[in-house]
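Asks: Just dropping this structure here.
The values are calculated or read from the model by the stated rules, or taken from the named source; none is laboratory data. Keep in mind that what you see is a predicted model, and the values were worked out from it rather than measured. Note that each Cβ is placed from the backbone with ideal geometry, even for glycine, and that neighbours are counted across all protein chains shown. Keep in mind that these areas ignore ligands, DNA and RNA; they rest on the heavy atoms of the full protein, side chains included. Shrake-Rupley method; radii C 1.70, N 1.55, O 1.52, S 1.80 Å.
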Amino acid sequence: MKKCVFFLCFLLCIVQVRAVNFQGKAYIVMESTHQNVLEGKNTEYVQSVASISKIMTAIVAIENGNLDDEYEIGEEVNEAWGSGIYIHIGDRINLRDLLHGLLLRSGNDAANVIAKNVGGSIEEFVEMMNQKAQELHMTKTHFSNPTGLDEEDNGNQSCVYDMALLMAYCSQNPIFNDIVMKETYHREDGGGTWHNKNRLLNEYEYCVGGKTGYTKKAKRTLVTRAIKDDISLIIVTFNCGNDFEFHQQKYEECFEKYQNVLVLSKGIYQYHGHSFLIDQDIYYCGKESQNVSLQSQGDILKVCIDQTPIYQVSHKGFWTTIVEYTRMLIGECFNG
C-alpha cells in the first residue's frame, strides 16, 4: 500500500508567451472541469448580460421539459422584440426546434414560448432560473426575464465569473452541448435552416460552443468554450468590441501556457487509520505553483488544491470497491 503524503506540491509548466491585450469591461478564463479561474479582469463586476442569459433559459428548459413536446404559439411572442426566429401565433413547434432557435439565433420569441410552456408562465419560469442560479452558487446573479432584453429595466444582472460557472455546469449536459456546437440546424418542422451566430465555431477549430449577446445597455457579451489536449476552457467577456478575435487569441495563449498536471496517482492510500481507493489518476489545470493536500472529514478523504476540494472518496465499502477495482485491472491485463 502507498503511504499517505500529507503535503504535496506541483509546479505547472508555464511557457513564456506573448500576453493578449484585453480592451473591454470584464473577462474571465475558467477551466471547466474544476471551475478554477486561470485569469481575468473585473470578474465580479455586475451588469446586464443581454442574450447570454439564454444559456440559463436553455438548461432550465432541457432539465424540465421534453424535447418532443409540441407547443402552440400564443400571445407571448408579442412580448418579445429584437432578434427572433419569426414564429407566429397559432404556429406549432416542438421544444427541440425552439432550443435551437434560442441558442443558435438568439430568438427572443423562442425564449418566451419556452418559458410559458415549460414553466407554466413566464414569471414562474424566471423563478426557476433564479433557483437554478442559487443552486450553482451564482451569488451575483439575478434574472428578470428569459430573453436578456433590458430596455424596460436593468435586465438580467450577472458577472463574468457567474456566467462561466453556468457554462461549466451546462457543458456537462449532452443535449446542451449537442445544440451549441452546431454551425447549422435544419428545423424538424421543415421551416428552414438556422445558422449559429457564434462565429468562433467556424473560425476556431477547438471551439465547441458558446452564446452571443448584445443590447445597447449591455454592449457585446460573449461566452465560448474550447477543448484542446483534454483541457476544457471557458471564456466570458463583457463589452469587448473585438470579442471573437480576443477569445481565439486568448485560447491559444492559455493552451500554450497551461497544461493538465498529475496531482495524485490512482491507488490505495492510508489516512488517519482508514484505507481509501483512488480509482483514477487525478489531474488539475492551473496557472502557477499550487499546494495539494489530503484532508479528512468523517469517513471522507478529500484531495484539495489550495484548500479547495477537487475530488473526494469514502472509505465505506472499501473492500467491495477493491474487488471491483481488481476485476478492472485483471480485465485491462487480458485486454491489453
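Asks: What are the residues whose amide H is under 5 Å from the amide H of Tyr45, where those residues sit 5 or more places off or on another chain and H is modelled from the backbone?
Replies: Val160
Asks: Evaluate E = 1/(1 + (r/R0)^6) for Asn202 and His272, where r is the Cβ-Cβ distance and R0 equals 41 Å; express this FRET efficiency to the nearest 0.05. Write down the numbers at each step before the final one.
Replies: Details: r = 53 Å, r/R0 = 1.30.
Given R0 = 41 Å and the Cβ-Cβ separation, E is 0.15.
Asks: May I ask you to give the solvent-accessible area per residue for the range 161-288, in square angstrom, as obtained with a 1.4 angstrom probe? Could you put the intermediate results ahead of the total?
Replies: Values: 5470 Å² over 128 residues.
On a per-residue basis, 43 Å².
Asks: What is the helix-to-structure angle for 243-257, meaning the angle in degrees between its Cα long axis and the longest Cα principal axis of the chain, kept from 0 to 90 and rounded to the nearest 10?
Replies: Once rounded, one gets 10 degrees.
Asks: Note the full-extension length gain between Asp306 and Asn154 as 0.36 nm times their separation in residues minus their Cα-Cα distance, in nm to one decimal.
Replies: Working: separation 152, 0.36 × 152 = 54.72 nm, distance 3.69 nm.
Extending this stretch completely gives an extra 51.0 nm.
Asks: Once both axes come from the Cα atoms, what is the angle between helix 108-119 and the longest principal axis of the chain, in degrees from 0 to 90, rounded to 10?
Replies: Roughly 70 degrees between the two axes.
Asks: Could I ask something else about it? What number comes out for accessible area per residue over the range 85-159 if the probe is 1.4 Å? Units Å², please. Can you show the working numbers first?
Replies: Numbers: 3010 Å² over 75 residues.
Each residue of the range 85-159 exposes 40 Å² on average to a 1.4 Å probe.
Asks: Between their Cα atoms, which of Lys25/Lys302; Lys116/Lys250; Lys216/Lys250; Lys54/Lys140 are more than 27 Å away from each other? Provide the component values of the computation, followed by the final result.
Replies: Working: Lys25/Lys302 37 Å; Lys116/Lys250 38 Å; Lys216/Lys250 25 Å; Lys54/Lys140 17 Å.
Over 27 Å apart, Cα to Cα: Lys25/Lys302; Lys116/Lys250.
Asks: Now, a different point. If you average the sequence gap of Cα pairs under 8 Å that are 6 or more apart and divide by the length of the chain, what percent do you get for the contact order?
Replies: Numbers: 691 pairs, mean separation 76.4, N = 336.
Rounded, it is 23 percent for the chain.
Asks: Which Cα, out of His137, Ile122, Ile175, lies furthest along the positive dipole direction of the range 114-212 (beta carbon charges, K/R +1, D/E -1)?
Replies: Ile175
Asks: Continuing with the same structure: Using a 1.4 Å probe over the heavy atoms of the protein chains, calculate the carbon and sulfur portion of the accessible area of the range 122-165 as a whole percent.
Replies: Numbers: 860 of 2020 Å².
Using a 1.4 Å probe with all protein chains present, the range 122-165 comes out at 43 percent carbon and sulfur.
Asks: With all protein chains present, how much of the accessible area of the range 35-114 (probe radius 1.4 Å) comes from carbon and sulfur, to the nearest whole percent?
Replies: On the way: 1150 of 2870 Å².
Here it works out to 40 percent.
Asks: Run the simple label-point estimate for Lys41 and Thr139 please: 7 Å along Cα→C-beta, distance reported in nm.
Replies: Placing both labels 7 Å along Cα→Cβ, they lie 2.5 nm apart.
Asks: Can you tell me the orientation of helix 122-135 relative to the chain, as the angle in degrees between its alpha-carbon axis and the longest Cα principal axis, to the nearest 10?
Replies: For helix 122-135, the angle is close to 20 degrees.
Asks: For Glu183 and Ile89, FRET efficiency with R0 = 25 Å and r from the beta-carbon atoms, rounded to 0.05? Each step should come with its number before you reach the end.
Replies: On the way: r = 30 Å, r/R0 = 1.22.
Given R0 = 25 Å and the Cβ-Cβ separation, E is 0.25.
Asks: Hey, how much of the P(r) for the chain falls beyond 27 Å, as a percent of Cα pairs?
Replies: Details: 28872 of 56280 pairs.
The share of Cα pairs beyond 27 Å in the chain comes to 51 percent.
Asks: Which value, in debye to the nearest 20, gives the size of the charge dipole of the chain about its Cα centre, when Lys and Arg are +1 and Asp and Glu are -1 at the Cβ? Mind dumping the intermediate values first?
Replies: On the way: 30 positive and 43 negative charges, 255 e Å.
The calculation lands at about 1220 debye.
Asks: Counting other Cβ atoms within 10 Å, which trypsin sites (Lys or Arg not before Pro) in the range 11-103 have at most 13 and lie in a DSSP loop?
Replies: Values: sites: Arg18, Lys25, Lys41, Lys54, Arg92, Arg96; in loops: Arg18, Lys25.
Qualifying residues, ordered by number: Arg18.
Asks: How far is the Cα center of the range 196-218 from the Cα center of the range 121-170, in Å?
Replies: The two parts, judged by their Cα centres, are 19 Å apart.
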